[in-house]
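Trainee: First the structure, which I've put down as structure tokens, then a few questions once you've had a look.
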Amino acid sequence: MPIDDDGASGPVADSRMVRDTVIRWVLRGDARPGDAIPGDVLASLTGAGRLAVREALTELAELGMVTESEGGAVVAHPRPSDMAEVDEVRHMLEEVAVRRFVANASDAQLGALGRALGELERVVAEDPAPEELMRARDWFFVVMLRGTGSTGTIALLQGLRVQAGLVMSLAVTEPGSGAEIAAELREIYSALAARDARRAIAACDRHRARITEAGLRRIALCR
């Protein structure tokens, strides 16, 4: 476990600082699947109190980055068989989400999705840190889901993040991942803008399959 967090320190730190510290550890390979996440080290590095550390670890568990038990938090270690099941369910839910977006999204919501894509492309052009790329990618899908008008579908897809979070996050650390993500999300956006559900579903499938493969490949290298 690393003993620095790239200078993120100070007398007071909130749960977001703690969360981002753990994400950096994972994305840089300093914390590997199965490694313990010591709360006392996090508190010492960031200046955060126990409550902030606990809130951050709970959020990371909800994102699928860590798992929690009585023995403490550890970096998650999903198996390929687990991800195959998750991807099958995600395909079905994303198909529903895409069809609802095509049917229900307003021009304003499509415009918001275009701006989210533009922000991602701006981030990619600046050679971002993995966590910045991950946040920009995730925001694109948050905006897309908002355009579906279906809170149930949103909740179900967000719930699957618990199983897919670490895999998706590590996928962005592969060389050239930013350009690939930008191209894939541009393809999804173009299909949605054309109100072509079939093409958008296929584009979502290609993006998800590549992200899953890349993330599992990174996990295998970490072990």
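The values are calculated or read from the model by the stated rules, or taken from the named source; none is laboratory data. All values reported here derive from a predicted model rather than from experimental measurement. We place every Cβ from the backbone using ideal geometry, glycine too, and count neighbours over all the protein chains shown.
Trainee: Being at pLDDT 85 or above and either part of a helix (DSSP H, G or I) or more than 28 Å from Arg217 (Cα to Cα) (or both) is the requirement here; does Val74 meet it?
Mentor: no
Trainee: Quick check on this structure: which one of Arg54, Arg28, Arg32 is surrounded by fewer than 21 Cβ atoms within 10 Å (Cβ to Cβ) and touching a Cys at 6+ places or on another chain (Cβ under 6 Å)? Break it down stepwise before answering.
Mentor: Details: Arg54 fails: touching a Cys at 6+ places or on another chain (Cβ under 6 Å); Arg28 fails: touching a Cys at 6+ places or on another chain (Cβ under 6 Å).
Going through Arg54, Arg28, Arg32 in turn, just one is surrounded by fewer than 21 Cβ atoms within 10 Å (Cβ to Cβ) and touching a Cys at 6+ places or on another chain (Cβ under 6 Å): Arg32.
Trainee: Go through the stretch 203-223 and report how many residues are surrounded by 15 or more Cβ atoms within 10 Å (Cβ to Cβ) and more than 19 Å from the chain's Cα centre (by Cα).
Mentor: 0
Trainee: In the set Arg99, Arg54, Arg50, Arg19, which member is of a type in the set (Lys, Arg), modelled with pLDDT of 80 or more, touching a helix residue (DSSP H, G or I) at 6+ places or on another chain (Cβ under 6 Å) and farther than 25 Å from Glu132 by Cβ? Working first, answer last.
Mentor: Numbers: Arg54 fails: touching a helix residue (DSSP H, G or I) at 6+ places or on another chain (Cβ under 6 Å); Arg50 fails: touching a helix residue (DSSP H, G or I) at 6+ places or on another chain (Cβ under 6 Å); Arg19 fails: farther than 25 Å from Glu132 by Cβ.
Selected residue: Arg99, the only one of Arg99, Arg54, Arg50, Arg19 that is of a type in the set (Lys, Arg), modelled with pLDDT of 80 or more, touching a helix residue (DSSP H, G or I) at 6+ places or on another chain (Cβ under 6 Å) and farther than 25 Å from Glu132 by Cβ.
Trainee: Taking the stretch 173-223 as the search range and keeping residues that are part of a helix (DSSP H, G or I) and hydroxyl-bearing (Ser, Thr, Tyr), which one is nearest to Ala97 (Cα to Cα)?
Mentor: As a first pass, look at the stretch 173-223 and keep what is part of a helix (DSSP H, G or I): 177-193, 197-222.
Retained after the next criterion (residues that are hydroxyl-bearing (Ser, Thr, Tyr)): 177, 189-190, 212.
Working: Ser177: 25, Tyr189: 13, Ser190: 16, Thr212: 19 Å.
Within the stretch 173-223, the match that is nearest to Ala97 (Cα to Cα) is Tyr189.
Trainee: What number goes with the only condition from (1) over 27 Å from Ala179 (Cα atoms); (2) assigned to a helix (DSSP H, G or I); (3) in contact with a helix residue (DSSP H, G or I) (Cβ under 7 Å, 6 or more places away or on another chain); (4) not charged (D, E, K, R) that Val41 does not pass?
Mentor: Among (1) over 27 Å from Ala179 (Cα atoms); (2) assigned to a helix (DSSP H, G or I); (3) in contact with a helix residue (DSSP H, G or I) (Cβ under 7 Å, 6 or more places away or on another chain); (4) not charged (D, E, K, R), Val41 violates only (3).
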